[in-house]
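In what follows, a structure is listed as C-alpha cells, so that the remarks can point back to it.
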Amino acid sequence: MTRAVPEILWSSGMVLYSAGVAAMRIFQLILQKTLIRLYLRMDLTRCSLESTDTIRVLLLLFTKVVMNIKNNLLMEGLTIHWHGMVQWHTPWMDGVGTVSHCPINPGETFQYRFLADPPGTHWYHSHLGTERTDGLTGALIVLPKPDKTIGLRADLPEVSGDFVMVLADWKLDPSIETKNEADWGLNSFSYGFNDTMCYSFTADAAGGTVGLFPFESGLINGRGNHYLNKDNPEQPDIPELPLETFVVNRYGYYRFRVINSGMLFAFRVSVDKHDIQIISVDGNDVTMTSAESVIVYGGERVDFILLASEDVDNYWVRAQTLEVSNGEGPLVPNTALAILRYNGSREVHPKSDRYHCRPKDLCRVVNCPFGRFPDSYNIKCLAASDLKSTSEQIKAHPVPAVTSPNEIQEIFLNFHFSSTAKVPFTTAVNGHVFVPPSSPPQLYPKQENTTVSCDSLNCTDHCKCTYIVKLEKDKTIQMVFLNMDDAPFGMPHPVHMHGHHFHVLKTGYPIYNATTGVILDRNRDIRCNTKSCNDASWSNEDWKFGNVPGLNLNDPPQKDTIAIPRDGYVVVRLKADNPGFWFMHCHIEIHQIAGMAVLLQEGEIADMEPVPEGFPTCGSFKMTEEEFNQYMTPEGARGKKQEKQKRPENIVVEEIDYHIVDYERVQRAPYPPPSSDTEKHPFKNLHTFYHHRRYHVILIVTLGFSLLLNIIFMAMCCYKKCRTSSSLHKLSEKKTMLAHNLLQQTKRHSESKQRLI
C-alpha cells in the first residue's frame with residue numbers, strides 16, 4: 001500500500017494541482033505582462049507565466065516533463081531555467097540564455113523536455129536579463145515516486161498540509177531601471193535629489209552591506225505591502241491590502257516549502273510563538289533540526305515542519321531582512337508578512353510578537369551568513385555546513401572520495417568586487433568580469449569568435465571576458481568558494497551552480513569582534529597573491545589535494561546554492577559526471593548581470609550529448625566582401641557561373657562596427673592618431689578621391705554652401721534696406737565661381753595624377 005500523493009497548497013484552501021501517476025506530464029505556459037492596480041495609487045507591470053491548467057505551482061512526479069513555452073511579450077526574448085533540476089543528459093535544456101540555448105523571441109514557442117530530478121522543492125524563473133526580478137518566477141515541486149514514499153523519511157510525522165511560500169523583494173520601478181541606477185550610482189538618490197535625504201547602504205550585524213537601495217515591498221506568494229514611510233517600516237502605506245494566509249488545524253503538522261525568488265535581499269523566516277523543524281535544503285533531505293528561524297538567500301529553498309500547538313488565534317509569519325543599521329545608526333529591519341490562522345479564529349490581523357531571545361534561552365538561527373550575531377542578540381548561529389544529510393540521502397548521493405592526488409581537481413573561485421576595475425568595485429570572479437557568449441557554447445560545434453577569450457587578454461588582476469573553467473570528467477572536484485575583497489560595501493554572495501548539487505563540507509568565517517560581531521580581518525586559512533585574490537591557495541601547503549582539516553566527509557548536506565560569508569570561504573565537493581556547459585553565478589541578479597559569474601565546461605565536447613536535430617541556433621553574423629560581390633553580378637549568387645563585375649581596382653570599402661557602449665567606457669577620448677600619410681591628408685590620393693563617394697558629398701556641400709551664402713546676404717540687404725542689389729548679385733556670382741573653380745582644379749589634379757600613374 002502506498003501513501004497518497006499530497007496536495008500542494010499555494011494559499012489556504014486552494015489546491016493548485018494534485019499530482020497523479022503518469023509517465024509524462026505536458027504543460028503549456030504562456031508568458032505575458034500584467035498591469036496590477038492597487039487602490040489607484042500605484043501601477044505595477046509584472047511578468048507572469050499563465051498556464052492552460054491555471055496553476056502557479058508546477059507539481060511533478062519523478063518522471064519526464066514537457067514544457068511548451070510561448071513568448072507573448074512584445075519586444076523581450078526569454079529563457080526559462082528549471083532551478084534545481086540537474087538536467088542529466090540534457091544540458092541544452094537548462095534554460096540559460098546564450099549558454100544553454102538561444103533566447104525565445106516574441107511570438108516563438110520553445111519546448112523543454114527533461115527528467116524531473118531530483119525530487120524536492122525547486123522553482124523556475126527567467127534566466128535572461130533581469131526578467132526574474134520583474135516576476136517571471138514560479139514554484140517547481142518534484143515528488144518522489146509514489147512507491148518510494150513509505151519509509152523514505154521515517155523521522156517525519158504525517159503532515160496535515162503542505163504549503164508553498166515564495167518570497168520576493170519587490171520594487172515599483174522596472175528591474176532594468178533598478179540595474180541602471182545601481183550602475184550609475186544613482187541609488188544614492190533613492191529618496192530624491194535632496195542631499196540631506198540621500199540613501200545610505202544598510203548593513204547586517206557583521207558590518208556587511210545588505211541594501212544597495214531601499215527596501216520597498218516584501219511579498220509572500222505575491223501578496224504584501226508597500227512602504228514609503230521610511231521612519232516607520234512597520235507601518236505600510238495601505239494597511240488594507242490582503243496578505244497571504246495559511247490556515248491550520250490545532251495539533252496538526254504542516255510542511256512549509258520556502259523559496260526566495262528575490263533580486264537582492266535575504267530573509268530570516270520565523271513564525272511567532274512557534275518553533276520550526278528544518279527537514280530539507282535546496283530539495284535535499286537533512287536530519288530534522290529545530291530552530292527559531294532560518295535565513296534564506298536568493299535562489300535557496302528551505303523546507304520546515306511546524307506543529308500548530310498554540311492557542312487558537314492568528315500569528316504573524318515573518319520574513320525579515322538582515323538590516324540592523326545604516327550610516328546614521330540602528331534601524332528596524334524591513335519585513336514581509338503573512339498570517340498563520342488557526343481554524344476557528346477571527347479573520348483579523350494578528351497581534352502576536354516574535355519570540356524574545358534570552359541569554360539563558362538562546363534562539364537558534366540556521367544558515368547564518370556570518371559566524372555570530374552580537375552578544376546582545378542572544379542568538380546561536382548554525383551554518384548550512386552544520387546540517388546533516390539523512391542516511392537515505394547519503395546512501396543515494398555519497399560524498400566523492402579521494403584516495404590519491406590524481407583523483408581530485410581543486411579550484412579556488414573568488415566571488416568579489418574588483419577594486420582594480422575602471423569603475424571601482426565591479427563584480428567579478430577571480431578578477432574576471434563575465435562577458436556572455438554571443439552564441440550558446442552548448443550548441444556545438446562551437447562557432448568561431450563567440451566568446452571573449454580570457455587567455456588572450458593576459459588577465460592579471462582585472463579583465464572583462466568569457467571566463468571558462470574546465471572540469472575534468474569523472475574526477476572529484478573540490479571547489480573553494482571565496483568572498484575576499486577590499487570593498488567598503490562587501491556582503492555575502494549566494495552562489496548557485498547549474499547541473500549539480502554539491503556537498504557542503506566546511507564553512508570558514510572571518511575574524512570577528514568577540515562582543516560586537518563586526519568583522520575585523522579576513523579568514524587566514526586563505527593566501528591571496530593579488531589584490532583581488534584571484535589566484536588564491538591554502539596558507540598551509542599540507543591542505544592541498546583535499547587534506548583540509550574540519551571537512552565533514554560523513555554526512556554533509558547537499559545544496560545547489562550556498563551563501564559565502566564575507567571575508568570567508570566555503571568548501572564544496574562534487575563528481576564531474578554530468579558533461580556540459582554549466583553556468584555558476586551569484587544569485588543576486590544585479591551582481592550576476594554585472595559580471596559575477598563563471599562558465600564551467602565539464603568534460604570535452606566529445607563527452608557531451610549531441611544537440612537534438614533542428615535545435616534553434618543564433619549568434620553574430622558577418623559577410624565577407626567576396627560573398628557580397630557574388631550578389632552584385634548579373635546572375636546573382638544563384639548563378640552557376642559567377643563573374644566578377646568590373647569595378648575600380650582602388651575602391652575603398654569602409655567597414656564600421658557599431659557597439660552598445662558600456663557605461664564604464666563612456667568618456668570623451670581624442671581621435672586615434674592617423675596610421676598613414678593618406679589618413680593625414682585624405683586629398684593626397686586624388687585618383688581615389690575622385691572616384692570615391694566623398695567627391696559627390698563635397699560637390700553637394702559646396703553647392704549648398706553657395707546657396708546658403710545667397711540667402712544670408714539677401715537677408716542682410718533686406719534688414720539694412722540695401723539699395724545696391726546688383727553688388728550683392730555680383731558677390732554671389734563670385735562665391736559661386738570660386739566654388740566651381742575649386743572643383744575644376746580638383747578634377748584636373750586628379751586627371752594629372754592618373755596620367756602620372
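The values are calculated or read from the model by the stated rules, or taken from the named source; none is laboratory data. What you see is a predicted model; the values in this text were computed from it and never measured. Heads up, the Cβs are rebuilt from the backbone with ideal geometry, glycines too, and the neighbour counts pull from every protein chain shown.
A few points about this structure:
- Residue list for region 618-640, restricted to those being surrounded by 10 or more Cβ atoms within 10 Å (Cβ to Cβ) and charged (D, E, K, R): Glu627, Glu635
- Any chance Gly603 is over 20 Å from Gly499 (Cβ atoms) and surrounded by fewer than 20 Cβ atoms within 10 Å (Cβ to Cβ): no
- Any hit, region 333-346, residues being loosely packed, with under 15 Cβ neighbours inside 10 Å, on the phi < 0 side of the Ramachandran plot and not charged (D, E, K, R): yes
- Scanning region 313-332 for residues that are modelled with pLDDT of 95 or more and either in a strand (DSSP E or B) or surrounded by fewer than 20 Cβ atoms within 10 Å (Cβ to Cβ) (or both) returns Asp313, Asn314, Tyr315, Trp316, Val317, Arg318, Ala319, Gln320.
- Number of the condition not met by Cys381 [criteria: (1) over 29 Å from the mean Cα position of the chain (by Cα); (2) closer than 24 Å to Ile278 by Cα]: (1)
- Glu108, sole failed condition from (1) within 21 Å of Thr133 (Cβ to Cβ); (2) surrounded by fewer than 17 Cβ atoms within 10 Å (Cβ to Cβ): (1)
- In region 614-631, residue nearest to Pro441 (Cα to Cα) [restricted to those that are assigned to a helix (DSSP H, G or I) and in contact (Cβ under 8 Å) with a residue 12 or more places away in the chain]: Glu625
- Lone unmet requirement of (1) in contact with a Leu (Cβ under 8 Å, 6 or more places away or on another chain); (2) of a type outside the set (A, V, I, L, M, F, W, C); (3) assigned to a strand (DSSP E or B) for Asn552: (3)
- Meets criteria (among the hydrophobic types (A, V, I, L, M, F, W, C) and touching a Ser or Thr at 6+ places or on another chain (Cβ under 9 Å)) for Val548: no
- Scope region 77-107; condition small (Gly, Ala, Ser) and in a strand (DSSP E or B); matching residues: Gly97
- Answer from Leu115, Leu128, Leu143 - the residue that is of a type in the set (A, V, I, L, M, F, W, C) and surrounded by fewer than 20 Cβ atoms within 10 Å (Cβ to Cβ): Leu115
One line per residue, one yes/no per condition, for (1) in a loop (DSSP other than H, G, I, E, B); (2) closer than 30 Å to Pro174 by Cβ:
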{"residue": "Leu212", "(1), (2)": "yes, yes"}
{"residue": "Ile259", "(1), (2)": "no, yes"}
{"residue": "Gln277", "(1), (2)": "no, no"}
{"residue": "Ser280", "(1), (2)": "no, no"}
{"residue": "Asp285", "(1), (2)": "no, no"}
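- Residues that are in contact (Cβ under 8 Å) with a residue 60 or more places away in the chain and of a type in the set (A, V, I, L, M) within region 95-122 comprise Val96, Val99, listed in sequence order.
- Criterion violated by Pro557 - all others in (1) at pLDDT below 95; (2) under 30 Å from Asp169 (Cα atoms); (3) over 23 Å from the mean Cα position of the chain (by Cα) satisfied: (1)
- When Asn547 is tested against the conditions (1) outside any helix (DSSP H, G or I); (2) farther than 22 Å from Asp461 by Cβ; (3) in contact with an Asp or Glu (Cβ under 9 Å, 6 or more places away or on another chain), the lone failure is (3).
- Residue ID - nearest to Ala563 (Cα to Cα), chosen from residues in region 172-217 that are among the charged types (D, E, K, R) and either at pLDDT below 85 or exposed (fewer than 15 other Cβ atoms within 10 Å of the Cβ) (or both): Lys179
- Filter result for Thr137 (modelled with pLDDT under 95, within 26 Å of Ile590 (Cα to Cα), crowded, with 22+ Cβ neighbours inside 10 Å and β-branched (Val, Ile, Thr)): yes
- Residue in region 108-117 that is in a loop (DSSP other than H, G, I, E, B) and closer than 16 Å to Leu59 by Cβ present: yes
- With respect to the stated conditions, Leu553 is out of contact with any strand residue (DSSP E or B) (no Cβ under 6 Å at 6 or more places or on another chain) and under 18 Å from Ser389 (Cβ atoms).
- Flag for Pro369 being under 16 Å from Ala291 (Cα atoms), in contact (Cβ under 8 Å) with a residue 60 or more places away in the chain and part of a loop (DSSP other than H, G, I, E, B): yes
- Scanning region 447-472 for residues that are over 21 Å from Cys533 (Cα atoms) and surrounded by fewer than 16 Cβ atoms within 10 Å (Cβ to Cβ) yields Glu448, Asn449, Glu472.
- Candidates are the residues of region 396-419 that are modelled with pLDDT of 95 or more and not hydrophobic (A, V, I, L, M, F, W, C); the one that is farthest from Ile295 (Cα to Cα) is Gln409.
- Per the listing Ser438, Ser376, the residue uniquely among the small types (Gly, Ala, Ser) and part of a loop (DSSP other than H, G, I, E, B) is Ser438.
- Within region 388-409, restricting attention to residues that are out of contact with any Ser or Thr (no Cβ under 6 Å at 6 or more places or on another chain), farther than 11 Å from Gly546 by Cα and in contact (Cβ under 8 Å) with a residue 24 or more places away in the chain, the residue that is surrounded by the most Cβ atoms within 10 Å (Cβ to Cβ) is Ser389.
- Scanning region 295-312 turns up one or more residues that are surrounded by 15 or more Cβ atoms within 10 Å (Cβ to Cβ), among the aromatic types (Phe, Trp, Tyr) and at pLDDT 95 or above.
- Residue check, Val269 under 21 Å from the mean Cα position of the chain (by Cα), β-branched (Val, Ile, Thr) and surrounded by 24 or more Cβ atoms within 10 Å (Cβ to Cβ): no
- Annotation note: of Met479, Met484, Met497, the sole residue that is at pLDDT below 95 and crowded, with 20+ Cβ neighbours inside 10 Å is Met484.
- Within region 347-363, tally of residues that are farther than 30 Å from Leu241 by Cα and not basic (Lys, Arg): 5
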